[in-house]
Amino acid sequence: MSSISPSSALVVEIGENPPERLDKALARFVPEEANLSRSRLAKLIADGQVSRDGKVLDSPKARVEAGDLIQVIVPEAEETHMRPEAIALEVVWEDTDLIVVNKPAGMVVHPAPGTPSGTLVNALLAHCGDDLSGVGGEKRPGIVHRIDKDTSGLLVVAKSDAAHHGLAAQFEKHTVERHYMALVHGVPDMADPRLKGVKGVSFEQGGIVKIQTQLARHKTDRQKQAVVWSGGRHAVTRARPVETFGSPGMITLVDCWLETGRTHQIRVHMAHAGHGLVGDQTYGGRRRVSEKALAPGAAEAAMAFPRQALHAATLGFTHPVSGEPLRFEARLPGDMAGLIELLREPVQ
């Protein structure tokens, strides 16, 4: 099999007591600084870029032994099929390895069949240009986490394989700090006897509500996630009320932070606790709000809010290459800030 001109060739010596399979042995003995993930190694094997004594090893099940010298050729990054598009971005931080952006509500993160263009990835391809050194063999930004189309806020994206590898490891270990600001219906208060009776809900010092369940795809609506008690993925959200609006309390600004990062996690968990997000059409956030409990026009504005009122406000992690601790904050977007100003007005 012919190969693309390599940007680097790596010789890996298989150490003592190796796994018998090539793919597992390489995953163990490839130097960490090579930044080759398991999936990347699997693709290199399938593409005929791995050999021993001049013979190509194109099966992940090929037998290896201690002392074998395995050559791994890492080709130059190929151009991606995704198109760069000149879309304005709010860049919070950028260096040669990563970029942090404040994504606006309404923007999809990654191209998909329903949204092939206009995404954050399309914008990053144009913004970064030749600064993308390659992720997974392609000149593309490395997406290690996502936020929903109609959620605003902070995202970190890798520009190199080294950064992608390091960031992915931090997200997998749940060491990344992620705080979201949300407007929810009602008041998630530990004094509420109803909340104390909700399965999976407990309380911690400082008025913190802890929601711990499993999450899985909804049985009938495949676009939704649902709380389950077996067969799902472990999910933990903590929420702390920041400010309550209305008399009696109708809506609360809540600081939510993730121990795990599952699809729609905050939205599903807050709805499960009986405090769905304002504007969330998918998870029942279109509840009626008493006009008598709020200033004129505030209740109407809350019920008409066009998206889930959720903003990724804080993002903290260790720089995957330099080791520098980084922490970023993004102010509330105009639509949420404007609604809060209305909610703060005195009841007449």
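The values are calculated or read from the model by the stated rules, or taken from the named source; none is laboratory data. These numbers come from a predicted model, not from an experiment. All Cβ positions, even for glycine, are placed from backbone atoms using ideal geometry, and neighbour counts span all protein chains on display. Areas reflect the complete protein model, heavy atoms only, side chains present, ligands, DNA and RNA absent. Shrake-Rupley method; radii C 1.70, N 1.55, O 1.52, S 1.80 Å.
Show the residue pairs that are 6+ apart or on different chains and have beta-carbon atoms under 8 Å apart, the first residue being within the range 24-49 and closer than 13 Å to D161 by Cα and of a type outside the set (A, V, I, L, M), the second being assigned to a loop (DSSP other than H, G, I, E, B) and at pLDDT below 85.
Short answer, once both residue conditions are applied: S37/G136; S39/G136; R40/G136; R40/G137.
One line per residue, one yes/no per condition, for (1) modelled with pLDDT of 85 or more; (2) in contact with a Cys (Cβ under 9 Å, 6 or more places away or on another chain):
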residue	(1), (2)
G137	no, no
D148	yes, no
S152	yes, no
L155	yes, no
A158	yes, no
A168	yes, no
K173	yes, no
M181	yes, yes
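Output yes when any residue across the range 109-116 is under 24 Å from the mean Cα position of the chain (by Cα), modelled with pLDDT of 90 or more and surrounded by fewer than 16 Cβ atoms within 10 Å (Cβ to Cβ), and no when none is.
Checking the range 109-116: not a single residue is under 24 Å from the mean Cα position of the chain (by Cα), modelled with pLDDT of 90 or more and surrounded by fewer than 16 Cβ atoms within 10 Å (Cβ to Cβ).
Any idea how many residues of the range 18-41 are part of a helix (DSSP H, G or I), open to solvent by less than 50 Å² (accessible area, probe 1.4 Å) and of a type in the set (G, A, S)? Before you say what the answer is, go through the steps one by one.
Residues of the range 18-41 that are part of a helix (DSSP H, G or I), as a first pass: 22-29, 32-34, 38-41.
So of that shortlist, the ones also open to solvent by less than 50 Å² (accessible area, probe 1.4 Å) come out as 22-23, 25-27, 34, 40-41.
Right, trim to of a type in the set (G, A, S) and you get 25, 27, 34.
Selection size over the range 18-41: 3.
Yes or no: V92 in a strand (DSSP E or B), open to solvent by less than 20 Å² (accessible area, probe 1.4 Å), at pLDDT 90 or above and of a type in the set (V, I, T)?
Values: in a strand (DSSP E or B): yes; open to solvent by less than 20 Å² (accessible area, probe 1.4 Å): no; at pLDDT 90 or above: yes; of a type in the set (V, I, T): yes.
It is false that V92 is in a strand (DSSP E or B), open to solvent by less than 20 Å² (accessible area, probe 1.4 Å), at pLDDT 90 or above and of a type in the set (V, I, T).
Say whether the condition of being assigned to a strand (DSSP E or B) and modelled with pLDDT of 90 or more is met by at least one residue in the range 285-303.
So the first thing to find is which residues in the range 285-303 are assigned to a strand (DSSP E or B), and the list is none.
No, there is no match, as no residue in the range 285-303 is assigned to a strand (DSSP E or B) and modelled with pLDDT of 90 or more.
Being of a type in the set (A, V, I, L, M, F, W, C) and in contact with an Asp or Glu (Cβ under 6 Å, 6 or more places away or on another chain) is the filter; apply it to the range 241-292 and report the residue that is least open to solvent (accessible area, probe 1.4 Å).
This residue is L253.
What pairs come out if I take residues in the range 241-254 that are aromatic (F, W, Y) and pair them with residues that are open to solvent by 40 Å² or more (accessible area, probe 1.4 Å) and not in a loop (DSSP other than H, G, I, E, B) whose C-beta lies under 8 Å away, six or more apart or interchain?
F245/R344
Go through (1) surrounded by fewer than 21 Cβ atoms within 10 Å (Cβ to Cβ); (2) assigned to a strand (DSSP E or B) one by one and return the number of the condition L154 breaks.
(1)
Out of L315, L326, L258, L277, which single residue is among the hydrophobic types (A, V, I, L, M, F, W, C) and over 17 Å from R238 (Cα atoms)?
Of L315, L326, L258, L277, the one residue that is among the hydrophobic types (A, V, I, L, M, F, W, C) and over 17 Å from R238 (Cα atoms) is L326.
Out of all the residues in the range 295-308, which are hydrophobic (A, V, I, L, M, F, W, C), surrounded by 16 or more Cβ atoms within 10 Å (Cβ to Cβ) and within 35 Å of the chain's Cα centre (by Cα)?
From the range 295-308, those hydrophobic (A, V, I, L, M, F, W, C) are 295, 298-299, 301-305; that's our starting set.
Next, from what is left, pick out any that are surrounded by 16 or more Cβ atoms within 10 Å (Cβ to Cβ): 295, 298-299, 301-302, 305.
Listed by number, the residues that qualify are A298, A299, A301, A302, F305.
For the range 314-348: of the residues being in contact with a Gly (Cβ under 6 Å, 6 or more places away or on another chain) and surrounded by 12 or more Cβ atoms within 10 Å (Cβ to Cβ), which is nearest to A105 (Cα to Cα)?
A330
Out of the range 46-61, which residues are open to solvent by 50 Å² or more (accessible area, probe 1.4 Å), touching a Leu at 6+ places or on another chain (Cβ under 8 Å) and of a type outside the set (D, E, K, R)?
Selection gives P60 alone.
Taking the range 317-346 as the search range and keeping residues that are out of contact with any helix residue (DSSP H, G or I) (no Cβ under 8 Å at 6 or more places or on another chain) and part of a strand (DSSP E or B), which one is farthest from E243 (Cα to Cα)?
Looking at residues that are out of contact with any helix residue (DSSP H, G or I) (no Cβ under 8 Å at 6 or more places or on another chain) and part of a strand (DSSP E or B), I get P325.
Please find, within the range 222-237, the residue that is farthest from T282 (Cα to Cα) out of those that are open to solvent by less than 60 Å² (accessible area, probe 1.4 Å) and in a loop (DSSP other than H, G, I, E, B).
Going through the qualifying residues, I end up with G232.
Conditions tested, residue by residue: (1) over 23 Å from the mean Cα position of the chain (by Cα); (2) modelled with pLDDT under 95.
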position: G207; (1), (2): yes, yes
position: T213; (1), (2): no, no
position: Q223; (1), (2): no, yes
position: S230; (1), (2): yes, yes
position: R233; (1), (2): no, yes
position: T237; (1), (2): no, no
position: R240; (1), (2): no, no
position: E243; (1), (2): yes, no
position: M250; (1), (2): yes, yes
